[in-house]
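Comments concern the structure below.
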Amino acid sequence: MYRASERKKRILAKLVGAFVAAAVLAVSAGWIAGSMLIGPSHQHVGDLPAYLGGQAVEIPSSSGAMLQGWLLSPARPGEFQVRVAGPGAVVLMHGLRANRLAMSDRARFLTAAGYSVLVFDFQAHGESTGDTITFGYLESKDARAAVDFMKFRYPNGPVGVIGVSMGGAAALLASPKLDIDAVVLEEVYPDIKSAIGDRFQMALGGWARILTPLLSLQMKPRLGVSADQMRPIDRIGQIQVPKLIIAGSEDRHTTLEESRALFDAAAEPKQFWVVAGASHTDMCSFAPAEYRDRILTFFAANLSPRSR
């Protein structure tokens, strides 16, 4: 009897030890994964492309970064019909681990349509300074700095924003809200926990969503912001300007259901465009003609002086 009891204790001790070792391993793996996700994405961007006219600019941000960008001038009428009745400006905000070059096709057709355009690298991206990617938190301060820069340069004209994925989240998370006249939001996550869960599910299957806390709980000690504060869906209802929300029907990074939830939470006026067959991709490249037409129509209606 005594020996049986001792054997049970040893087995229990081994099971507890194995559980503790597995837990330590999971936490360690989660910490390493977190370190990789928040590491900077500095890249050489180079000179302003020849097909864009403008100048290089530097913009100080309260994120602590010096943002590198290009201020682009409206082109003369060329391959696109000019559709705006007066001056307007657009700020382009790229996605995670991208840089201002990812927005160059958008910049090209917008300047051709008569808009002044600002493209820039978020902190810890491209050629801007910064050490840690924060998925929209510090980047929201960059979004504010970029919009304020354009408002200063064009004080009498309306300003719009196109925010892609993290760039859209940054635009929504800015506090106080951005002083803009219209916004396009592409593939924007509703809350960071859903974004993390979606990526675990893509990598390991549906069961892996239970691993979400391995990353979400790291946010406060590592980034200075909790996961509960990273909820663009809680902010979009406070933004009264016209909104065009774009989602891919096959997006697994930000599912169509999540994009619909973001749209449902948005204040009017708002529009929703589901791009058939698109995953989490560059919508401007996936459906270039329709994308260009929808964006120009949206901004023509909402960024002309008479629409203010």
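Could you list, in sequence order, the residues of region 131-183 that are of a type in the set (Asp, Glu) and more than 17 Å from the chain's Cα centre (by Cα)?
Asp131, Asp148, Asp179, Asp181
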- Task: Would you tally the residues in region 36-60 being part of a helix (DSSP H, G or I) and either farther than 18 Å from Ala98 by Cα or modelled with pLDDT of 90 or more (or both)?
- Result: 0
- Restricted to region 266-282 and to residues being in contact with an Asp or Glu (Cβ under 8 Å, 6 or more places away or on another chain) and surrounded by fewer than 15 Cβ atoms within 10 Å (Cβ to Cβ), the residue nearest to Met166 (Cα to Cα) is Ser279
- Residue match in region 224-243 (condition: buried (at least 23 other Cβ atoms within 10 Å of the Cβ), modelled with pLDDT of 90 or more and in contact with a Lys or Arg (Cβ under 7 Å, 6 or more places away or on another chain)): yes
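Could you list, in sequence order, all residues of region 71-101 that are at pLDDT below 90 and not in a loop (DSSP other than H, G, I, E, B)?
none
The rows are residues; the columns are (1) touching a Lys or Arg at 6+ places or on another chain (Cβ under 9 Å); (2) aliphatic (A, V, I, L, M); (3) farther than 19 Å from Asp181 by Cβ.
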position: Ile246; (1), (2), (3): yes, yes, no
position: Leu262; (1), (2), (3): no, yes, yes
position: Ala266; (1), (2), (3): yes, yes, no
position: Gln271; (1), (2), (3): yes, no, no
position: Ala278; (1), (2), (3): no, yes, yes
position: Pro288; (1), (2), (3): no, no, yes
position: Ala300; (1), (2), (3): yes, yes, no
- In region 107-127, residues that are assigned to a helix (DSSP H, G or I), buried (at least 24 other Cβ atoms within 10 Å of the Cβ) and of a type outside the set (Gly, Ala, Ser) total 1
- Task: Check Ser104, Ser63 and return the single one that is modelled with pLDDT of 55 or more, part of a helix (DSSP H, G or I) and surrounded by 10 or more Cβ atoms within 10 Å (Cβ to Cβ).
- Result: Ser104
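Yes/no matrix, rows are residues, columns are (1) buried (at least 21 other Cβ atoms within 10 Å of the Cβ); (2) in contact with a Cys (Cβ under 6 Å, 6 or more places away or on another chain); (3) in contact (Cβ under 8 Å) with a residue 40 or more places away in the chain; (4) over 17 Å from Asp142 (Cβ atoms):
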position	(1), (2), (3), (4)
Gly168	yes, no, yes, no
Leu173	yes, no, yes, no
Asp179	no, no, no, no
Leu185	yes, no, yes, no
Val188	yes, no, yes, no
Pro213	no, no, no, yes
Pro221	no, no, no, yes
- Message: Just to be sure before I move on: is Glu268 more than 21 Å from His94 (Cα to Cα), assigned to a helix (DSSP H, G or I), acidic (Asp, Glu) and out of contact with any Pro (no Cβ under 8 Å at 6 or more places or on another chain) in the structure I sent?
- Response: no
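The values are calculated or read from the model by the stated rules, or taken from the named source; none is laboratory data. The shown structure was predicted, so the numbers you read here are calculated from the model rather than taken from an experiment. Methodologically, a virtual Cβ is constructed for each residue, glycine included, from the backbone with ideal geometry; neighbour enumeration extends over all protein chains shown.
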